[in-house]
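The values are calculated or read from the model by the stated rules, or taken from the named source; none is laboratory data. As the structure is a computational prediction, the values presented were derived from the model and not from experiment. Cβ: placed from backbone, ideal geometry, glycine included. Neighbour counts: every protein chain shown. With ligands, DNA and RNA removed, areas are computed over all heavy atoms of the protein, side chains included. Shrake-Rupley method; radii C 1.70, N 1.55, O 1.52, S 1.80 Å.
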Amino acid sequence: MAPAGEQPEGDMRHLLVLAGTGEARQMLAWLATERGFRITASLAGVTSAPHALGVTTRSGGFGGVDGLADWVRQHNVDVMLDMTHPYAAQMSRHAAAVADALSLPTIAFHRPPWVAEADDQWAVFDSWQAMAKAVPAAAKLFIAGGSRDLEAFCQRSDISLLIRGLNLDHYKLKYSNINIIKSLPNKSVELEAGLLRDHGITHICCKNSGGAFSQAKLQAARLLRLPVWMLARPTAPQATPFYQILHDVDSVKQALAR
């Protein structure tokens, strides 16, 4: 029997959380204090040792739109919450398609992008390949975000790379012009600025991920007057009757509470 004040698990609505971001971890921690949802979190499986989320967690892809729809039906999902990374646009497109196909109420958190300030030296590129081609000879790049598509940079033997990310050791084995930092972003602007100075960085190459988690590097670049080159954001799905888009975590909480 469920404790007083709690619903029996069989009576709870099943909430599928497409996770993998800091906001998703925060949301799952908040949901742990709520009653009314039986929660499953889903991770893409890119990180070999992800932080425990405190709820039932599955890892790996679903197998496209049809695979996600089958999983939702088989596990009696009542509500879906899309809190994937802004650059995980394919997963969001799949979620939106399933929401419409199955009339499944889905709430999507689309993190707003960073916006340049007056003195920022930002440039936007459609692909990593185009960005790598534009890098001047002898440049020293700081590549943040652990891109899985670094070959275009690594093959430029006339530049040097400082790469921060996880699961990138195979690049070090193949190329001699890179240095890998296995760590999460510094929250301190001073630490980020010190890292850039110590390595003589001339350009920062990154995604426009938005949010506060990795914003310190941009403030450090502003302080040091360094150019920041960003990969353009992929096109996100549009809102539909069953795929509601929100841009801040509090609004997501309010929508779930309703």
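Here the condition is being touching a residue at least 40 places away in the same chain (Cβ under 8 Å), touching a Lys or Arg at 6+ places or on another chain (Cβ under 9 Å) and buried (at least 16 other Cβ atoms within 10 Å of the Cβ); of ALA96, ALA139, ALA132, ALA108, it holds for ALA139 alone. Residue-level check: of (1) surrounded by 17 or more Cβ atoms within 10 Å (Cβ to Cβ); (2) more than 30 Å from PHE109 (Cβ to Cβ); (3) charged (D, E, K, R), ARG225 misses just (1).
Contact annotation: residue pairs with Cβ atoms under 8 Å, 6 or more positions apart or on different chains, pairing a residue in segment 188-217 that is touching a residue at least 40 places away in the same chain (Cβ under 8 Å) with a partner that is open to solvent by 10 Å² or more (accessible area, probe 1.4 Å) and of a type in the set (S, T, N, Q), are LEU195/ASN186; HIS199/ASN179; CYS206/SER214; LYS217/ASN186.
In segment 153-171, the residues that are under 15 Å from TRP128 (Cβ atoms) and in contact (Cβ under 8 Å) with a residue 24 or more places away in the chain form Cβ pairs under 7 Å with partners that are among the hydroxyl-bearing types (Ser, Thr, Tyr) and part of a loop (DSSP other than H, G, I, E, B), at six or more places apart or across chains, as follows: CYS154/TYR175. Step by step: first the residues of segment 188-222, then only those that are touching a helix residue (DSSP H, G or I) at 6+ places or on another chain (Cβ under 8 Å) and under 19 Å from GLY20 (Cα atoms), then the one that is surrounded by the most Cβ atoms within 10 Å (Cβ to Cβ). Which residue is that? Looking at the filtered set, the residue picked out is CYS206. Filtering segment 73-90 to residues that are open to solvent by less than 50 Å² (accessible area, probe 1.4 Å) and under 21 Å from GLN238 (Cα atoms) leaves VAL79, MET80, LEU81, ASP82, MET83, THR84, PRO86, TYR87, ALA88, ALA89.
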